[in-house]
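The structure appears right after this line, and notes come after that.
The values are calculated or read from the model by the stated rules, or taken from the named source; none is laboratory data. Quick caveat: nothing in here was measured; it's all calculated off a predicted structure. Glycine also receives a Cβ, built like all others from the backbone with ideal geometry; neighbour counts cover every protein chain displayed. Accessible surface areas use protein heavy atoms only, side chains included; no ligands, DNA or RNA. Shrake-Rupley method; radii C 1.70, N 1.55, O 1.52, S 1.80 Å.
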Amino acid sequence: MGRLLMAVVFLFSAMAARGRGISEIDSLKAINDSVIQELRNQVQELKLQGIMMQEQLQRNGYDDSLRIAERKARVDSLRQITPGSPLIISGDTLLVLYARKGGMLAEDRVANAKEEILSLGKSLTLFLDSVYVYEGDYSSDVMAGERVVLSLTETDGLWQNTTRQELARQYSEIIEKAIVELHEEYGLKQKMKGLVLVVLILVAQWLLFRLTRWLYNRYRFRLLRHVMKMSIPLKVKDYEMLTVRRQGILFLILFKTLFYVAIILQLLITIPLLFSVFPETKTFAFTIFGYIWNPVKDILGAIVGYLPNLFKIVVIIVCFHYLVKAVRYLSNEIASGRLKINGFYADWAHPTYVILRVLLYSFMFVMIWPLLPSSDSEVFQGVSVFIGVIVSLGSTSIIGNLMAGLVMTYMRPFHVGDFIRFGDVEGFVLEKTVLVTRIRTRKNEVITIPNSNLMNSQTSNFTFAAENYGVIVHTKVTIGYDMKHEVIENLLLDAAKATPMIQKKPLPYVRVTALDDFYVEYEINAYTTHTDKLSDIYSALHQNILDHFHQSGVEIMSPHIFAHRNDLELQIPKQDQKE
């Protein structure tokens, strides 16, 4: 192009010099021929460049078509494994995006589009220009006024097997329809209707509450009088469990509970209705209802799911119940004497039954434990261990008394009704349990003694000795050295023989137990089997000793007093003194 310009300039200059002379005509002609030739060369070169550019464009178009085909094939291969990001409004799926746009993921594109649609649709007033598509060089934008709702690329068109222009047109119609529907649901008109419904619901609930309370107050005592007339006392044997008055009180409690249940049911219906009036709080209404219903549903589901284990527990309990009944039957047979086992005493039957029952129930509990709900949870196990530790620490003395009671049962030191002595306490055994033993003294005092104390101390069983050997009743008297021991011994023997409930065989006997400084100590011993009358026997024996000694003129008096007596009279009743 530069050389062509120079030739033109040269041509014009030659023509200007035409007048210079004919001599120069030939030179100009030669120059024109060269310029023309140069122009022809330039034209040919331009044509060649045009042909090359056309071929290059054809090649580029062919490459673009190949590139588009490759991209389409790649999209088709990814379509099976790419779920896509749906744009969901009010539970409806409007569209699905699969591709990124620049650095923005499909999920972010959908989130932004959803935010724009909800913002436009939930506005109280809708001044919405028609949704349209703005076509750019590389994207098609779905617009609502000046706001870009969604921007689509060629890749989005490939994913939907269409062009981005056609896809934008389809999506613009869908988005416009969604915005209009949202406005119809969230607009000012709908809010006014919601307020009216709220007022109506509150008024209806207030009227319903007044009606429920009026019915409660009106029929409470009427129904109570009717129930009182129809009721009869509920008895179990001689125990009257529910009197007519108690039945009336129970009816009032149940009727009041029914009143509160009715109010709660009304609120359970009214509160969700109030929140469901407005779309913004509709989900909150379901949330509140879920707070109430979900625990109930979980409990019912847990009960239904627990039924198999519950049936297993029932079967285990029934089996052990009848096994315990069989053991109790055998213990009753042994205790009554109808069944005899060598070396096994009849009084062992009941405590052995108690021990076996505890063992059987413990084994039953071990079998039931894994079947209990949440028995394998750490919390359940931790609480169980804590309770076990508390019980073990707090029941040390209880366990001691329990073990002592069991040991004494098989030691058989005494039975119920035996007359025993424990330390300074003497009395009849009223009750013997695994923890304590109760004794009634001769003064009718009931003393409770822990079994561990009895286990660690010495006890005397007078009843057992009386039945097998005879209990020896004994008492001591002190007489001065001036009396012959034969006389004293005969008087004591006569007094013992005259005492009621003293055995004739073996015979009573006297022992001289001490020779003190001032007197001789005599002890009378006599056998008896009436341990329940020991106090009466001792009283009668002492009375007889006094009578026999007084009648014989023998004074029962300590020599200590005799030494300081001076002229005191004999300490014997007047009628018993000898002349």
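Side notes on the structure shown:
- Met192 being open to solvent by 100 Å² or more (accessible area, probe 1.4 Å), over 40 Å from the mean Cα position of the chain (by Cα), farther than 30 Å from Val149 by Cβ and not charged (D, E, K, R): no
- For beta carbons closer than 7 Å, sequence separation of 6+ or different chains, a first residue in region 502-518 that is within 15 Å of Val471 (Cβ to Cβ) and touching a residue at least 40 places away in the same chain (Cβ under 8 Å) and a second that is assigned to a loop (DSSP other than H, G, I, E, B) and open to solvent by less than 100 Å² (accessible area, probe 1.4 Å), there are no qualifying pairs.
- Scanning region 282-307 for residues that are in contact (Cβ under 8 Å) with a residue 24 or more places away in the chain and of a type in the set (Gly, Ala, Ser) turns up just one, Ala302.
- Residue in region 470-497 that is farthest from Arg421 (Cα to Cα), counting only those that are outside any helix (DSSP H, G or I), modelled with pLDDT of 90 or more and open to solvent by 30 Å² or more (accessible area, probe 1.4 Å): Lys476
- The set of residues in region 312-334 that are open to solvent by 60 Å² or more (accessible area, probe 1.4 Å) and aliphatic (A, V, I, L, M) comprises Val314, Val315, Ile317, Val318, Leu323, Leu330.
- Selection count, region 498-516, where residues are outside any loop (DSSP other than H, G, I, E, B), within 20 Å of Asp547 (Cα to Cα) and open to solvent by less than 60 Å² (accessible area, probe 1.4 Å): 1
- In region 517-529, the residues that are open to solvent by 60 Å² or more (accessible area, probe 1.4 Å) and either of a type in the set (D, E, K, R) or closer than 11 Å to Val473 by Cα (or both): Asp517, Thr529
- Answer residue from region 542-568, given it is loosely packed, with under 14 Cβ neighbours inside 10 Å and touching a Leu at 6+ places or on another chain (Cβ under 9 Å) and is modelled with the lowest pLDDT among those: Ile561
- Those strands (runs of 3 or more DSSP E) of region 87-178 in which at least 2 residues are among the hydrophobic types (A, V, I, L, M, F, W, C) and either out of contact with any Phe, Trp or Tyr (no Cβ under 8 Å at 6 or more places or on another chain) or at negative phi (or both), considering only elements entirely within it, cover 92-97, 140-144, 147-152.
- Residue check for Asn309: open to solvent by less than 70 Å² (accessible area, probe 1.4 Å), of a type in the set (S, T, N, Q) and either in a helix (DSSP H, G or I) or touching a Ser or Thr at 6+ places or on another chain (Cβ under 8 Å) (or both): yes
- Matching residues, region 439-458, being open to solvent by 60 Å² or more (accessible area, probe 1.4 Å) and of a type in the set (A, V, I, L, M, F, W, C): Val446, Met455
- Within region 530-541, considering residues that are at pLDDT 85 or above and in contact with a strand residue (DSSP E or B) (Cβ under 7 Å, 6 or more places away or on another chain), the one most open to solvent (accessible area, probe 1.4 Å): Tyr538
- Taken over region 519-550, the criterion of being part of a strand (DSSP E or B) and under 14 Å from Gly470 (Cα atoms) is satisfied by Asn525, Ala526, Tyr527, Thr528.
- Criterion (loosely packed, with under 13 Cβ neighbours inside 10 Å and either touching a residue at least 40 places away in the same chain (Cβ under 8 Å) or within 29 Å of Gln266 (Cβ to Cβ) (or both)) met by exactly one of Val180, Val199: Val199
- Output for region 506-549, where each listed residue is of a type in the set (S, T, N, Q), out of contact with any Gly (no Cβ under 7 Å at 6 or more places or on another chain) and under 30 Å from Gly417 (Cβ atoms): Asn525, Thr531, Ser535, Ser539, Gln543, Asn544
- Residue match in region 459-469 (condition: in a strand (DSSP E or B), in contact with a Pro (Cβ under 8 Å, 6 or more places away or on another chain) and surrounded by 16 or more Cβ atoms within 10 Å (Cβ to Cβ)): yes
- Pair list, Cβ under 7 Å, 6 or more apart: region 308-325 residue closer than 13 Å to Leu360 by Cβ and touching a residue at least 60 places away in the same chain (Cβ under 8 Å), other residue polar (S, T, N, Q) and surrounded by 14 or more Cβ atoms within 10 Å (Cβ to Cβ): none
- In region 408-436, the residues that are of a type outside the set (Ser, Thr, Tyr), surrounded by 13 or more Cβ atoms within 10 Å (Cβ to Cβ) and within 46 Å of the chain's Cα centre (by Cα): Met408, Leu430, Lys432, Val434, Leu435, Val436
- Yes/no for Leu223 being in contact with a helix residue (DSSP H, G or I) (Cβ under 8 Å, 6 or more places away or on another chain), among the hydrophobic types (A, V, I, L, M, F, W, C) and touching a residue at least 60 places away in the same chain (Cβ under 8 Å): no
- Hey, Leu356 assigned to a helix (DSSP H, G or I), in contact with a Leu (Cβ under 9 Å, 6 or more places away or on another chain) and at pLDDT 80 or above or not: no
- Of all the criteria given as (1) open to solvent by 70 Å² or more (accessible area, probe 1.4 Å); (2) under 43 Å from the mean Cα position of the chain (by Cα), the one not satisfied by Leu242 is (1).
- Breaking point among (1) within 20 Å of Gly84 (Cβ to Cβ); (2) open to solvent by less than 60 Å² (accessible area, probe 1.4 Å), for Glu115: (2)
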